[in-house]
Amino acid sequence: MKKTFLVISVFLITVVTIAVYLFGFYHGRTGEGLVVIKEAVAAGKKSSVSPVKAQTERDVYYPGSEDIGPNEMRVVACGTGMPNARPKQAAACFLVELGNGDKFIFDIGSGSAERLSAMKIPYDYLDKVFIGHLHSDHFGALADLWIGGVIGNRIKPLRVWGPSGHKPEFGTAYALKHMEKVFTWDSGSRLGNVDIRGQVLEVTEFDYKGINQVIYQENGVTIRTIPAIHALDGPVSFILDWNGLKFAFSSDTFPNKWWLKYTKGVDIAIHEAFVSPRLLIEKQKWTPGAALNVGTQVHTSPAQFGKVMSIIKPRMAVAYHFFNDFDTLPEQLAQVRQTYDGPLSMATDYMVWNVTKDDIRVRMAVIDEDIWPQPAVGKKLEPDLSQRIGFSDFILKGREPFPKVVQKIYDDINAEYGTDYKVPTD
Ligand SMILES: [Zn+2]
Ligand SMILES: [Zn+2]
């Protein structure tokens, strides 16, 4: 009797459990779906969220998809890492875009040219570069923008500003004159093959000792420099003023009196916060002596960065120049927070700041690796074939012209574009 009762009880409990589960499943899942659809329908035109319309406000930034407001400044981190390059972070580079249409590049460290390409800005608008000092992690990608810009259709010179040194050969003009020499073969190879008007470098070297000196003033934008203290005489930091907004960029510097005086209360202050000495020892196998020297004397450590920011009190403090990962960020951040409790961004590549008088919005850009660099809008000239340096007879005689194959390529292009180009016969 007891056994029968037990069997019946177990059977009933099982049936009830299954029924409750199925009821819950039906109402839970299907019911939820219905509620969402009903809410969407009820929201109608009142909401920017619609099943068929693009959202007007996004949590992330898609390059090339948002206008800049007339009073807005957009800053994009195109390099926030270290001299030893890695896929996640290029070396120092910050792009500043203004509501008046102007764009400025501050530092252009190794690997950053790819990040600039990802911003979908035509090359003829990426023609102004400001270099804080001549370490490779602050200007190593200059040749990529210079030469890549020629291929990308920039038809005007690339303008570059950089500091003098304690001797002429330590200055920007010397470095870039010799960079042009390094690329003698590259430049010569392009003569007569492409429009080379963008191959010209216009270099302005200014005194690294200038204090709050104006080095650029056009179209309502003023850029000033102050000396920075880093490794050798020569480095500088930049302060950009436009339309009541101020952007300050340290490049690399030890905490110094000029930065503390001239960047007080800026809207956005981007300053190095180097990899903490302990992380240099643990992750890079540095000796404690080297980590302390480079981490706190040549550079600014996160705790020193925090102290600097607690004095200048910017609307947004931005720390960069460290490898920003799940296992390093907590320690870097904890050190900054020992000395600073104000607004803070711990930068990584593709972080974006939209700065206005009323608001500073921080987001990440969404980058697809299939993005093509944006072609320039300037009208390109046909190459002047007579400018070619040409080949020696030795090399010319090694050519296999495949005339039928090449003729078909010319015929197809001429047919598609209504042109009449002839296959060269020499
Ligand atoms: Zn440096
Ligand atoms: Zn550096």
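Among residues of region 243-263 that are under 20 Å from residue 345 (Cβ atoms) and small (Gly, Ala, Ser), those with a beta-carbon under 7 Å from a residue that is within 16 Å of ligand 2 (Cβ to nearest atom) and assigned to a helix (DSSP H, G or I) at least six positions away or on a different chain give the pairs 250/259; 251/138. Exactly one condition in (1) closer than 30 Å to residue 75 by Cβ; (2) part of a loop (DSSP other than H, G, I, E, B); (3) free of Cβ contacts under 8 Å to residues at least 60 places away in the same chain is not met by residue 317; state its number. Checking residue 317 against (1) closer than 30 Å to residue 75 by Cβ; (2) part of a loop (DSSP other than H, G, I, E, B); (3) free of Cβ contacts under 8 Å to residues at least 60 places away in the same chain, the one that fails is (2). When 305, 274 are checked against the criterion of being part of a helix (DSSP H, G or I), modelled with pLDDT of 95 or more and of a type in the set (Phe, Trp, Tyr), 305 stands alone in meeting it.
Considering only residues that are within 16 Å of ligand 1 (Cβ to nearest atom) and assigned to a loop (DSSP other than H, G, I, E, B), which ones fall in region 231-258?
At the first step, the residues of region 231-258 found to be within 16 Å of ligand 1 (Cβ to nearest atom) are 231-238, 249-256.
Those that are within 16 Å of ligand 1 (Cβ to nearest atom) and assigned to a loop (DSSP other than H, G, I, E, B): 231, 233, 234, 235, 250, 251, 252, 253, 254, 255, 256.
Filtered by the rule that a residue be under 28 Å from residue 330 (Cβ atoms) and outside any helix (DSSP H, G or I), region 259-271 gives 263, 266, 267, 268, 269, 270, 271. Residue 203 meets each of the listed conditions (1) in contact (Cβ under 8 Å) with a residue 60 or more places away in the chain; (2) away from ligand 2 (no atom under 16 Å from the Cβ) apart from (1).
Among the residues of region 234-275, the ones that are over 20 Å from the mean Cα position of the chain (by Cα), away from ligand 2 (no atom under 16 Å from the Cβ) and of a type outside the set (Lys, Arg) come to 11 in all. Go through region 90-114 residue by residue and tally those that are under 11 Å from the mean Cα position of the chain (by Cα), within 16 Å of ligand 2 (Cβ to nearest atom) and not in a strand (DSSP E or B). The total comes to 8. Residues in region 361-385 that are under 20 Å from residue 185 (Cβ atoms) and either assigned to a helix (DSSP H, G or I) or in contact with a helix residue (DSSP H, G or I) (Cβ under 8 Å, 6 or more places away or on another chain) (or both): 1 in all. The residue that is nearest to residue 95 (Cα to Cα), counting only those in region 259-283 that are within 16 Å of ligand 1 (Cβ to nearest atom) and not acidic (Asp, Glu), is 270. Against the list (1) modelled with pLDDT under 95; (2) part of a helix (DSSP H, G or I), the condition residue 411 fails is (1).
Would you confirm whether or not region 208-229 contains a residue that is under 17 Å from residue 129 (Cβ atoms), in contact with a helix residue (DSSP H, G or I) (Cβ under 7 Å, 6 or more places away or on another chain) and more than 16 Å from ligand 1 (Cβ to nearest atom)? Checking region 208-229: not a single residue is under 17 Å from residue 129 (Cβ atoms), in contact with a helix residue (DSSP H, G or I) (Cβ under 7 Å, 6 or more places away or on another chain) and more than 16 Å from ligand 1 (Cβ to nearest atom).
The values are calculated or read from the model by the stated rules, or taken from the named source; none is laboratory data. Every value quoted in this text rests on a predicted model; they were computed, and no experiment measured them. We place every Cβ from the backbone using ideal geometry, glycine too, and count neighbours over all the protein chains shown.
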